[in-house]
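Q: Take a look at this one; I'll ask things after.
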Amino acid sequence: MLRTAIDRFAEAKILVIGDVILDQFIWGTVTRISPEAPVPVVNVTKEELLLGGSANVVRNIISLGGKAALCGIIGDDAMGAELLALMRAAGASADGLVKGSRPTTIKTRVVAQSQQVVRYDREQVGPPSAQTLQRLLIYLEQHLADFDAVLLSDYAKGVICPLLMQRLHELLTELRGQGRLLPLIVDPKPVNADKFTGATVITPNNFEAAKISGVEIIDEDSLFIAARQIKEKLACEAVLITRGEAGMALLEGEKDMVFIPTMAQEVYDVTGAGDTVAAALSLGLAAGCSMTQAAMIANHAAGIVVGKVGTASVSRDELLTALDKEGA
(Lines give C-alpha, C1' and ligand atoms only; values in the text may rest on other atoms or scores of the structure.)
Protein backbone atom coordinates (compact mmCIF):
# COMPACT_ATOMS: atom_id res chain seq x y z
CA MET A 1 0.00 0.00 0.00
CA LEU A 2 2.76 2.46 0.92
CA ARG A 3 4.68 1.61 -2.26
CA THR A 4 1.58 2.33 -4.33
CA ALA A 5 1.18 5.68 -2.60
CA ILE A 6 4.78 6.63 -3.33
CA ASP A 7 4.17 5.83 -7.00
CA ARG A 8 1.40 8.46 -6.86
CA PHE A 9 3.76 11.14 -5.57
CA ALA A 10 4.49 12.09 -9.17
CA GLU A 11 0.88 13.28 -9.52
CA ALA A 12 0.95 15.39 -6.35
CA LYS A 13 1.58 19.14 -6.41
CA ILE A 14 2.34 20.85 -3.09
CA LEU A 15 2.40 24.57 -2.35
CA VAL A 16 4.94 25.40 0.35
CA ILE A 17 4.48 28.73 2.14
CA GLY A 18 7.04 29.93 4.63
CA ASP A 19 10.40 31.37 5.54
CA VAL A 20 13.04 30.94 2.86
CA ILE A 21 16.61 30.36 4.02
CA LEU A 22 19.89 29.82 2.20
CA ASP A 23 22.05 27.30 4.06
CA GLN A 24 25.78 27.86 3.73
CA PHE A 25 28.11 25.08 4.83
CA ILE A 26 31.83 25.66 5.34
CA TRP A 27 33.61 22.31 5.58
CA GLY A 28 37.09 21.85 6.93
CA THR A 29 39.45 20.16 9.34
CA VAL A 30 40.77 21.07 12.79
CA THR A 31 44.32 20.23 13.88
CA ARG A 32 45.07 22.96 16.42
CA ILE A 33 43.67 25.54 18.81
CA SER A 34 44.07 29.23 18.06
CA PRO A 35 46.78 31.05 20.06
CA GLU A 36 44.50 34.10 20.06
CA ALA A 37 41.59 32.49 21.91
CA PRO A 38 40.57 29.00 23.11
CA VAL A 39 38.82 28.16 19.85
CA PRO A 40 39.61 25.64 17.08
CA VAL A 41 41.27 26.78 13.89
CA VAL A 42 39.33 25.41 10.90
CA ASN A 43 41.24 24.80 7.70
CA VAL A 44 38.53 25.29 5.08
CA THR A 45 38.41 22.64 2.36
CA LYS A 46 34.98 23.24 0.78
CA GLU A 47 32.06 25.66 0.78
CA GLU A 48 28.52 24.75 -0.21
CA LEU A 49 25.21 26.58 -0.65
CA LEU A 50 21.96 24.62 -0.18
CA LEU A 51 18.25 25.35 -0.09
CA GLY A 52 17.18 25.79 3.53
CA GLY A 53 14.06 26.50 5.56
CA SER A 54 10.92 26.24 3.48
CA ALA A 55 13.09 25.92 0.36
CA ASN A 56 14.52 22.69 1.79
CA VAL A 57 10.96 21.39 2.15
CA VAL A 58 10.49 22.02 -1.57
CA ARG A 59 13.78 20.27 -2.29
CA ASN A 60 12.60 17.22 -0.34
CA ILE A 61 9.23 17.11 -2.11
CA ILE A 62 10.92 17.11 -5.51
CA SER A 63 13.55 14.59 -4.43
CA LEU A 64 10.72 12.28 -3.33
CA GLY A 65 9.17 12.51 -6.78
CA GLY A 66 6.50 15.16 -6.24
CA LYS A 67 6.00 18.64 -7.66
CA ALA A 68 6.30 21.78 -5.55
CA ALA A 69 6.20 25.55 -5.66
CA LEU A 70 7.45 27.97 -3.04
CA CYS A 71 5.76 31.12 -1.76
CA GLY A 72 7.94 33.35 0.41
CA ILE A 73 10.40 36.24 0.53
CA ILE A 74 14.00 36.61 -0.60
CA GLY A 75 16.24 39.64 -0.83
CA ASP A 76 17.11 41.52 -4.00
CA ASP A 77 20.75 40.56 -3.46
CA ALA A 78 23.48 38.16 -4.56
CA MET A 79 22.40 35.42 -2.15
CA GLY A 80 18.82 35.75 -3.35
CA ALA A 81 20.08 35.16 -6.90
CA GLU A 82 22.00 32.10 -5.67
CA LEU A 83 18.84 30.74 -4.08
CA LEU A 84 16.84 31.26 -7.28
CA ALA A 85 19.53 29.39 -9.23
CA LEU A 86 19.32 26.48 -6.76
CA MET A 87 15.53 26.44 -7.13
CA ARG A 88 15.83 26.26 -10.91
CA ALA A 89 18.40 23.49 -10.66
CA ALA A 90 16.05 21.52 -8.39
CA GLY A 91 13.19 21.88 -10.88
CA ALA A 92 11.00 23.88 -8.47
CA SER A 93 8.73 26.79 -9.29
CA ALA A 94 9.91 30.08 -7.81
CA ASP A 95 7.03 32.15 -9.19
CA GLY A 96 5.73 32.68 -5.65
CA LEU A 97 9.01 34.12 -4.37
CA VAL A 98 8.85 37.87 -3.79
CA LYS A 99 11.96 40.04 -3.65
CA GLY A 100 11.42 42.13 -0.53
CA SER A 101 13.35 45.04 0.95
CA ARG A 102 15.14 42.91 3.54
CA PRO A 103 18.15 40.70 2.72
CA THR A 104 17.98 36.98 2.02
CA THR A 105 18.20 34.98 5.25
CA ILE A 106 21.46 33.00 5.47
CA LYS A 107 22.46 30.38 8.03
CA THR A 108 26.17 29.59 7.93
CA ARG A 109 27.46 26.42 9.57
CA VAL A 110 31.14 25.63 10.01
CA VAL A 111 31.67 21.85 10.09
CA ALA A 112 34.91 20.02 10.89
CA GLN A 113 35.39 16.25 11.26
CA SER A 114 31.61 15.89 10.70
CA GLN A 115 30.91 18.04 13.78
CA GLN A 116 29.36 21.50 13.70
CA VAL A 117 31.84 23.97 15.20
CA VAL A 118 29.68 27.10 15.06
CA ARG A 119 26.62 28.51 13.31
CA TYR A 120 25.98 32.16 12.58
CA ASP A 121 22.84 33.69 11.09
CA ARG A 122 22.33 36.76 8.93
CA GLU A 123 18.68 37.71 8.93
CA GLN A 124 16.10 40.42 9.36
CA VAL A 125 12.88 39.12 10.89
CA GLY A 126 9.40 40.55 11.26
CA PRO A 127 6.17 40.79 9.25
CA PRO A 128 6.48 41.56 5.53
CA SER A 129 5.98 45.12 4.33
CA ALA A 130 2.51 45.94 3.04
CA GLN A 131 3.76 45.88 -0.56
CA THR A 132 5.52 42.52 -0.16
CA LEU A 133 2.54 40.98 1.62
CA GLN A 134 0.20 42.14 -1.15
CA ARG A 135 2.35 40.41 -3.77
CA LEU A 136 2.30 37.18 -1.73
CA LEU A 137 -1.48 37.34 -1.42
CA ILE A 138 -1.93 37.96 -5.15
CA TYR A 139 0.10 34.82 -5.86
CA LEU A 140 -2.08 32.78 -3.48
CA GLU A 141 -5.30 34.13 -4.98
CA GLN A 142 -4.17 33.30 -8.50
CA HIS A 143 -2.56 29.90 -7.93
CA LEU A 144 -3.85 28.15 -4.80
CA ALA A 145 -6.39 26.13 -6.78
CA ASP A 146 -3.56 24.59 -8.82
CA PHE A 147 -2.31 22.52 -5.87
CA ASP A 148 -3.30 19.32 -4.05
CA ALA A 149 -2.05 20.32 -0.58
CA VAL A 150 -0.64 23.33 1.27
CA LEU A 151 2.35 23.07 3.60
CA LEU A 152 3.22 25.88 6.01
CA SER A 153 6.93 25.81 6.86
CA ASP A 154 7.32 28.25 9.74
CA TYR A 155 10.78 29.36 10.90
CA ALA A 156 9.44 32.41 12.78
CA LYS A 157 11.07 34.89 10.40
CA GLY A 158 7.82 36.72 9.63
CA VAL A 159 6.19 35.28 6.50
CA ILE A 160 3.56 33.44 8.57
CA CYS A 161 1.68 36.54 9.73
CA PRO A 162 -1.99 37.14 10.69
CA LEU A 163 -3.05 38.78 7.42
CA LEU A 164 -1.53 36.04 5.27
CA MET A 165 -3.13 33.32 7.41
CA GLN A 166 -6.51 35.03 7.35
CA ARG A 167 -6.52 35.25 3.55
CA LEU A 168 -5.21 31.69 3.17
CA HIS A 169 -8.05 30.32 5.32
CA GLU A 170 -10.57 32.34 3.28
CA LEU A 171 -9.22 30.91 0.03
CA LEU A 172 -9.19 27.34 1.39
CA THR A 173 -12.80 27.78 2.53
CA GLU A 174 -13.78 29.03 -0.94
CA LEU A 175 -12.17 25.95 -2.52
CA ARG A 176 -13.91 23.68 -0.02
CA GLY A 177 -17.22 25.20 -1.12
CA GLN A 178 -16.29 24.19 -4.68
CA GLY A 179 -15.63 20.59 -3.62
CA ARG A 180 -11.82 20.97 -3.37
CA LEU A 181 -10.54 19.92 0.05
CA LEU A 182 -6.84 20.77 0.27
CA PRO A 183 -5.00 19.35 3.29
CA LEU A 184 -3.20 22.02 5.32
CA ILE A 185 0.00 20.66 6.88
CA VAL A 186 1.87 22.83 9.40
CA ASP A 187 5.49 22.54 10.55
CA PRO A 188 5.20 25.09 13.38
CA LYS A 189 7.18 27.35 15.63
CA PRO A 190 5.49 27.68 19.06
CA VAL A 191 5.46 31.48 18.93
CA ASN A 192 3.01 31.33 16.01
CA ALA A 193 0.87 28.43 17.24
CA ASP A 194 -2.32 30.50 17.52
CA LYS A 195 -2.17 31.20 13.78
CA PHE A 196 -2.63 27.53 12.85
CA THR A 197 -6.20 26.97 14.00
CA GLY A 198 -8.09 24.61 11.71
CA ALA A 199 -5.04 22.90 10.19
CA THR A 200 -5.38 19.34 8.94
CA VAL A 201 -2.25 18.24 10.81
CA ILE A 202 0.47 19.98 12.80
CA THR A 203 3.95 18.45 13.19
CA PRO A 204 5.80 19.83 16.24
CA ASN A 205 8.83 18.13 17.70
CA ASN A 206 8.83 17.10 21.36
CA PHE A 207 10.14 20.47 22.58
CA GLU A 208 7.71 22.45 20.42
CA ALA A 209 4.78 20.30 21.53
CA ALA A 210 5.60 21.01 25.18
CA LYS A 211 5.79 24.76 24.49
CA ILE A 212 2.54 24.89 22.51
CA SER A 213 0.56 22.76 24.97
CA GLY A 214 2.09 24.03 28.19
CA VAL A 215 2.54 20.41 29.28
CA GLU A 216 5.90 19.07 30.46
CA ILE A 217 6.46 15.90 28.43
CA ILE A 218 8.22 13.27 30.51
CA ASP A 219 6.55 10.02 29.40
CA GLU A 220 3.92 8.63 27.03
CA ASP A 221 1.03 9.70 29.27
CA SER A 222 2.14 13.33 29.33
CA LEU A 223 2.85 13.12 25.60
CA PHE A 224 -0.76 12.08 25.00
CA ILE A 225 -2.04 14.92 27.19
CA ALA A 226 0.11 17.44 25.30
CA ALA A 227 -1.10 16.18 21.92
CA ARG A 228 -4.73 16.33 23.05
CA GLN A 229 -4.23 19.89 24.36
CA ILE A 230 -2.75 20.98 21.02
CA LYS A 231 -5.53 19.29 19.07
CA GLU A 232 -8.25 20.97 21.15
CA LYS A 233 -6.49 24.34 21.26
CA LEU A 234 -5.98 24.54 17.50
CA ALA A 235 -9.07 22.56 16.42
CA CYS A 236 -6.88 20.55 14.05
CA GLU A 237 -7.67 17.07 12.76
CA ALA A 238 -4.39 15.47 13.83
CA VAL A 239 -1.17 16.10 15.76
CA LEU A 240 2.04 14.33 14.73
CA ILE A 241 4.81 14.79 17.30
CA THR A 242 8.33 13.94 16.17
CA ARG A 243 10.42 12.51 19.02
CA GLY A 244 13.93 12.04 17.63
CA GLU A 245 15.30 8.64 18.54
CA ALA A 246 11.91 7.67 20.03
CA GLY A 247 10.19 7.95 16.63
CA MET A 248 6.81 9.66 16.25
CA ALA A 249 3.46 9.82 17.98
CA LEU A 250 0.21 10.49 16.12
CA LEU A 251 -3.08 11.60 17.64
CA GLU A 252 -5.93 11.64 15.14
CA GLY A 253 -9.59 12.24 15.89
CA GLU A 254 -10.57 10.78 19.23
CA LYS A 255 -8.54 7.61 18.74
CA ASP A 256 -5.75 6.41 20.97
CA MET A 257 -2.32 7.73 20.16
CA VAL A 258 -0.35 5.73 17.58
CA PHE A 259 3.35 5.31 18.40
CA ILE A 260 5.66 4.83 15.42
CA PRO A 261 9.19 3.64 16.25
CA THR A 262 12.15 5.33 14.61
CA MET A 263 13.56 3.83 11.43
CA ALA A 264 16.95 5.53 11.85
CA GLN A 265 19.93 3.15 11.92
CA GLU A 266 22.44 5.87 12.84
CA VAL A 267 21.90 9.55 13.67
CA TYR A 268 24.59 11.89 12.35
CA ASP A 269 22.71 15.18 11.89
CA VAL A 270 19.11 16.22 12.56
CA THR A 271 19.44 19.41 10.47
CA GLY A 272 16.35 19.66 8.26
CA ALA A 273 14.75 16.45 9.56
CA GLY A 274 11.53 18.33 10.29
CA ASP A 275 11.50 19.57 6.68
CA THR A 276 11.73 15.98 5.45
CA VAL A 277 8.89 14.86 7.73
CA ALA A 278 6.61 17.67 6.56
CA ALA A 279 7.46 17.06 2.89
CA ALA A 280 6.82 13.30 3.01
CA LEU A 281 3.66 13.71 5.11
CA SER A 282 2.19 16.24 2.68
CA LEU A 283 2.95 14.04 -0.31
CA GLY A 284 1.38 11.06 1.42
CA LEU A 285 -1.83 12.97 2.15
CA ALA A 286 -1.94 14.46 -1.36
CA ALA A 287 -1.50 10.92 -2.76
CA GLY A 288 -4.58 9.68 -0.89
CA CYS A 289 -2.97 8.02 2.15
CA SER A 290 -4.64 7.89 5.51
CA MET A 291 -3.02 10.03 8.19
CA THR A 292 -1.37 6.95 9.75
CA GLN A 293 -0.02 5.75 6.40
CA ALA A 294 1.34 9.21 5.58
CA ALA A 295 2.99 9.37 9.01
CA MET A 296 4.65 5.99 8.43
CA ILE A 297 6.07 7.21 5.13
CA ALA A 298 7.33 10.39 6.82
CA ASN A 299 8.91 8.33 9.58
CA HIS A 300 10.86 6.21 7.08
CA ALA A 301 12.01 9.36 5.25
CA ALA A 302 13.17 10.95 8.51
CA GLY A 303 15.08 7.79 9.41
CA ILE A 304 17.08 8.16 6.22
CA VAL A 305 17.81 11.89 6.39
CA VAL A 306 19.22 11.91 9.94
CA GLY A 307 21.89 9.49 8.73
CA LYS A 308 23.27 12.23 6.46
CA VAL A 309 25.39 15.24 7.38
CA GLY A 310 24.13 18.70 6.47
CA THR A 311 20.84 19.97 5.08
CA ALA A 312 19.92 16.77 3.25
CA SER A 313 17.00 15.39 1.30
CA VAL A 314 15.65 11.90 0.65
CA SER A 315 15.14 10.42 -2.79
CA ARG A 316 12.21 8.31 -3.92
CA ASP A 317 14.53 5.34 -4.50
CA GLU A 318 16.02 5.63 -1.00
CA LEU A 319 12.54 5.67 0.50
CA LEU A 320 11.40 2.64 -1.50
CA THR A 321 14.54 0.74 -0.49
CA ALA A 322 13.92 1.56 3.17
CA LEU A 323 10.31 0.37 2.92
CA ASP A 324 11.38 -2.89 1.27
CA LYS A 325 14.01 -3.44 3.92
CA GLU A 326 11.48 -3.05 6.73
CA GLY A 327 8.83 -5.03 4.89
CA ALA A 328 6.43 -2.07 5.12
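Q: Applying the selection to segment 54-106, what residues are under 23 Å from A145 (Cβ atoms) and among the acidic types (D, E)?
A: Once the filter is applied, which keeps residues that are under 23 Å from A145 (Cβ atoms) and among the acidic types (D, E), segment 54-106 yields only D95.
Q: Restricting attention to segment 206-231, report how many residues are free of Cβ contacts under 8 Å to residues at least 24 places away in the same chain and more than 22 Å from the chain's Cα centre (by Cα).
A: Within segment 206-231, the first condition is being free of Cβ contacts under 8 Å to residues at least 24 places away in the same chain, and the residues that meet it are 207-208, 210-211, 213-219, 221-222, 225-226, 228-229, 231.
Going one step further and asking which of them are more than 22 Å from the chain's Cα centre (by Cα), we end up with 214-219, 221-222, 225, 228-229.
Qualifying residue count for the region: 11.
Q: On the given criteria, is R59 assigned to a loop (DSSP other than H, G, I, E, B) and modelled with pLDDT under 95? Write out each step before concluding.
A: Details: assigned to a loop (DSSP other than H, G, I, E, B): no; modelled with pLDDT under 95: yes.
For R59, the condition - assigned to a loop (DSSP other than H, G, I, E, B) and modelled with pLDDT under 95 - is not met.
Q: Check off (1) in a strand (DSSP E or B); (2) free of Cβ contacts under 8 Å to residues at least 40 places away in the same chain; (3) surrounded by 16 or more Cβ atoms within 10 Å (Cβ to Cβ) for V44 and give me the number that stays unchecked.
A: (3)
Q: G327: surrounded by fewer than 22 Cβ atoms within 10 Å (Cβ to Cβ), out of contact with any Asp or Glu (no Cβ under 6 Å at 6 or more places or on another chain) and at pLDDT 80 or above, yes or no?
A: Answer is no for this residue.
Q: Here is a check on your reading of the model: is R8 buried (at least 16 other Cβ atoms within 10 Å of the Cβ), modelled with pLDDT under 95 and either assigned to a strand (DSSP E or B) or not β-branched (V, I, T) (or both)?
A: yes
Q: Could I ask something else about it? Looking at L15, L49, can you tell me which residue is within 26 Å of H300 (Cβ to Cβ), in contact with a helix residue (DSSP H, G or I) (Cβ under 8 Å, 6 or more places away or on another chain), in a strand (DSSP E or B) and not aromatic (F, W, Y)?
A: L15
Q: Next up: What strands (runs of 3 or more DSSP E) lie completely within segment 90-156 and have 1 or more residues being in contact (Cβ under 8 Å) with a residue 12 or more places away in the chain and farther than 30 Å from V39 by Cα?
A: Answer list for segment 90-156: 93-100, 149-153.
Q: Continuing with this model, one more query. What is the number of the single condition among (1) within 15 Å of S313 (Cβ to Cβ); (2) surrounded by 24 or more Cβ atoms within 10 Å (Cβ to Cβ); (3) not charged (D, E, K, R) that V20 does not meet?
A: Of (1) within 15 Å of S313 (Cβ to Cβ); (2) surrounded by 24 or more Cβ atoms within 10 Å (Cβ to Cβ); (3) not charged (D, E, K, R), only one is false for V20: (1).
Q: Can you tell which of A249, A193, A227, A199 is aliphatic (A, V, I, L, M), closer than 17 Å to A298 by Cα and surrounded by 16 or more Cβ atoms within 10 Å (Cβ to Cβ)?
A: Working: A193 fails: closer than 17 Å to A298 by Cα; A227 fails: closer than 17 Å to A298 by Cα; A199 fails: closer than 17 Å to A298 by Cα.
Step by step, each of A249, A193, A227, A199 is checked, and only A249 is aliphatic (A, V, I, L, M), closer than 17 Å to A298 by Cα and surrounded by 16 or more Cβ atoms within 10 Å (Cβ to Cβ).
Q: Would you pick out the residues in segment 217-247 that are part of a strand (DSSP E or B) and of a type in the set (G, A, S)?
A: Selection gives A238 alone.
Q: Could you check segment 157-192 and list, in sequence order, the residues that are outside any loop (DSSP other than H, G, I, E, B) and of a type in the set (S, T, N, Q)? Steps first, please.
A: Start the filter on segment 157-192 by keeping residues that are outside any loop (DSSP other than H, G, I, E, B), which leaves 162-177, 184-187, 190-192.
Passing the criteria: Q166, T173, N192.
Q: Right, next: Working only within segment 194-216, note down all residues that are among the aliphatic types (A, V, I, L, M) and either at pLDDT below 95 or part of a strand (DSSP E or B) (or both).
A: V201, I202
Q: Of all residues in segment 176-190, count the ones that are surrounded by fewer than 18 Cβ atoms within 10 Å (Cβ to Cβ), out of contact with any Asp or Glu (no Cβ under 6 Å at 6 or more places or on another chain) and over 18 Å from D146 (Cβ atoms).
A: Residues meeting the conditions: 0.
Q: Going by what's in this entry, would I74 be described as surrounded by 13 or more Cβ atoms within 10 Å (Cβ to Cβ), part of a strand (DSSP E or B) and in contact with a Gly (Cβ under 6 Å, 6 or more places away or on another chain)?
A: Numbers: surrounded by 13 or more Cβ atoms within 10 Å (Cβ to Cβ): yes; part of a strand (DSSP E or B): yes; in contact with a Gly (Cβ under 6 Å, 6 or more places away or on another chain): yes.
It is true that I74 is surrounded by 13 or more Cβ atoms within 10 Å (Cβ to Cβ), part of a strand (DSSP E or B) and in contact with a Gly (Cβ under 6 Å, 6 or more places away or on another chain).
Q: Checking T173 against (1) surrounded by fewer than 16 Cβ atoms within 10 Å (Cβ to Cβ); (2) hydroxyl-bearing (S, T, Y); (3) modelled with pLDDT under 95, only one condition comes out false. Which one?
A: The failed condition is (3).
The values are calculated or read from the model by the stated rules, or taken from the named source; none is laboratory data. All values derive from a computational prediction rather than experimental measurement. So basically every Cβ, Gly included, is an ideal-geometry build from the backbone, and we count neighbours across all protein chains shown.
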